[in-house]
Ligand code: ATP
Ligand code: MG
């Protein structure tokens, strides 16, 4: 069984503090702690399961659908050892999603637990490439290999497959904020080695991780962001803290941050919004010293509330499944709230126009990464089996992100919106995020989504979908709308105020918690 280590003191060489590699808790008193040595032994055993009973060859693809349990971390490492191309997916996939992923990826195997086994069985007949099913469970199931049994009996020595830096390591599905998720292929270099050897300064300064840190990244196991709780932490010798947390739960987060010596915390804006909204009257996070956010823009108001409460800044980072960290607010740098910070070392980030020309500071355009003459090492290889879509990401000398933004005179980047989300009203271009950030400053607003809505005179106008805090729900909607409009006119340039407003109980979001503005926008325009 897992050996329990203590986090104080030094190891036998007297150098590194004895932080475990993995510290997992389930919230009900169960805990697992693995030292780096144990992780080594167990992942070699797991690698033998993959190349033995599962007959996986270097380059074969495998779908991994597991909740936040230690085996997910183990299997990630085992896949790297065997050269297996890992395709992580979230637990919240439906049968249709699983079928789509299995068919699209032609995965040779699937690894999951009891909760999804029957979902897999319901679609497997239509997945010709599927050769094995591996169950991570205490029990057994007909037609499934038992990971637990196989792991127990597997030898603990294993020879790593000889992979090249450009060989595929993983295929991450994008979040699907704008459409069907895209299969994004990364090589051993672009994610693993890129994060470990080439971008350590980004990790060290954005997440500020060292070997004495205990790092909690709340990302679901289904997204590229989860890979950060492998590469960024372990490349620095930091401990990965994991809370099983089936659903994001503010009380569970508060409890863990107070109870465990977590020093670095990384989450998504939607999570930070929930945390400040559900803040308990008293709660101290004694060990916490560094916070980061990524995935969506984080509202300055939320950063201010977090700081007033915890005394800590939120270091925002900007990246995509296709990239690693593109811009970040690095430790030691002045933080300009609302800005994504400065480019990560190793990326040459520019704002470009529709012809691929570089725009000067202050001009809004598309955020792009220079790929010619030399493509940076840590960009995705391709969208799997989609050369057209892959090609479409390059314009002139640049990889285009599909996001619009600008760079100020100090070299800080500011996110305006996804190219499709930017509103064009009577000649003005309006980024939804700025309006949403103005709205959230008002105490009545929990969160909002701002989209374009058709208008007979202006062509399009700004419309806000607003979630109100409980104490404001019963207010007169007309008056509430007027008050919020006046507030936005004062908080930002008046032409940006939402001419239309709708109060809703919740916003449509992706599984990873991102606001799906395009769903709201399409509804607006369909109605028209
Ligand atoms: P899809 O490509 O399937 O529509 P997605 O773009 O949301 O989904 P991800 O790769 O998970 O999939 O997310 C990357 C995108 O998230 C970026 O292109 C950007 O739009 C947004 N994003 C990430 N971090 C930030 C940030 N700090 N500020 C603003 N936007 C961000
Ligand atoms: Mg995208």
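The values are calculated or read from the model by the stated rules, or taken from the named source; none is laboratory data. If you're wondering where the values come from, they're calculated on a predicted model, not measured in any experiment. Glycine gets a Cβ as well: all are built from the backbone with ideal geometry, and neighbour counts include every protein chain shown.
Are any of the residues in region 115-127 in contact (Cβ under 8 Å) with a residue 24 or more places away in the chain, closer than 30 Å to residue 521 by Cα and either away from ligand 1 (no atom under 16 Å from the Cβ) or assigned to a loop (DSSP other than H, G, I, E, B) (or both)?
Checking region 115-127: not a single residue is in contact (Cβ under 8 Å) with a residue 24 or more places away in the chain, closer than 30 Å to residue 521 by Cα and either away from ligand 1 (no atom under 16 Å from the Cβ) or assigned to a loop (DSSP other than H, G, I, E, B) (or both).
Checking the structure you have, find out if any residue of region 345-366 is within 16 Å of ligand 2 (Cβ to nearest atom) and within 16 Å of residue 321 (Cα to Cα).
No: region 345-366 contains no residue that is within 16 Å of ligand 2 (Cβ to nearest atom) and within 16 Å of residue 321 (Cα to Cα).
Tell me which strands (runs of 3 or more DSSP E) are completely within region 439-528 and hold 3 or more residues being away from ligand 2 (no atom under 16 Å from the Cβ), under 31 Å from the mean Cα position of the chain (by Cα) and buried (at least 18 other Cβ atoms within 10 Å of the Cβ), or say none if there are none.
On the way: elements: 445-455, 459-468, 500-503.
Of the strands (runs of 3 or more DSSP E) lying wholly inside region 439-528, those with at least 3 residues that are away from ligand 2 (no atom under 16 Å from the Cβ), under 31 Å from the mean Cα position of the chain (by Cα) and buried (at least 18 other Cβ atoms within 10 Å of the Cβ) span 445-455, 459-468.
Say we look at region 412-432 and pick out the residues that are out of contact with any helix residue (DSSP H, G or I) (no Cβ under 9 Å at 6 or more places or on another chain) and over 17 Å from residue 359 (Cα atoms); which of these is nearest to ligand 2 (Cβ to nearest atom)?
424
Assess whether residue 371 counts as being closer than 21 Å to residue 522 by Cα, modelled with pLDDT of 95 or more and away from ligand 2 (no atom under 16 Å from the Cβ). Break it down stepwise before answering.
Values: closer than 21 Å to residue 522 by Cα: no; modelled with pLDDT of 95 or more: yes; away from ligand 2 (no atom under 16 Å from the Cβ): yes.
Judged against the criteria, residue 371 is not a match.
Inside region 181-202, can you point out the residues that are free of Cβ contacts under 8 Å to residues at least 40 places away in the same chain and within 16 Å of ligand 1 (Cβ to nearest atom)? Walk me through how you get there before you give the answer.
Just the residues of region 181-202 that are free of Cβ contacts under 8 Å to residues at least 40 places away in the same chain, to begin with: 181, 196-197, 200.
181 - this is the single residue of region 181-202 that is free of Cβ contacts under 8 Å to residues at least 40 places away in the same chain and within 16 Å of ligand 1 (Cβ to nearest atom).
Every residue in region 392-411 that is assigned to a loop (DSSP other than H, G, I, E, B) and more than 16 Å from ligand 2 (Cβ to nearest atom), please.
396, 397, 408, 409, 410, 411
Looking only at residues in region 138-161 that are part of a loop (DSSP other than H, G, I, E, B) and free of Cβ contacts under 8 Å to residues at least 40 places away in the same chain, which one is nearest to ligand 2 (Cβ to nearest atom)?
If we take residues in region 138-161 being part of a loop (DSSP other than H, G, I, E, B) and free of Cβ contacts under 8 Å to residues at least 40 places away in the same chain, then 144 is nearest to ligand 2 (Cβ to nearest atom).
Considering only residues that are within 23 Å of the chain's Cα centre (by Cα), buried (at least 19 other Cβ atoms within 10 Å of the Cβ) and either on the phi > 0 side of the Ramachandran plot or part of a loop (DSSP other than H, G, I, E, B) (or both), which ones fall in region 162-178?
Within region 162-178, 174, 175, 177, 178 meet the criteria.
Any idea how many residues of region 371-411 are closer than 18 Å to residue 187 by Cβ, surrounded by 15 or more Cβ atoms within 10 Å (Cβ to Cβ) and touching a helix residue (DSSP H, G or I) at 6+ places or on another chain (Cβ under 8 Å)?
8
Here is a yes/no grid of residues against (1) buried (at least 24 other Cβ atoms within 10 Å of the Cβ); (2) in contact with a helix residue (DSSP H, G or I) (Cβ under 6 Å, 6 or more places away or on another chain):
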{"residue": "265", "(1), (2)": "yes, no"}
{"residue": "304", "(1), (2)": "no, no"}
{"residue": "309", "(1), (2)": "no, no"}
{"residue": "331", "(1), (2)": "no, yes"}
{"residue": "347", "(1), (2)": "no, no"}
{"residue": "355", "(1), (2)": "no, no"}
{"residue": "359", "(1), (2)": "no, no"}
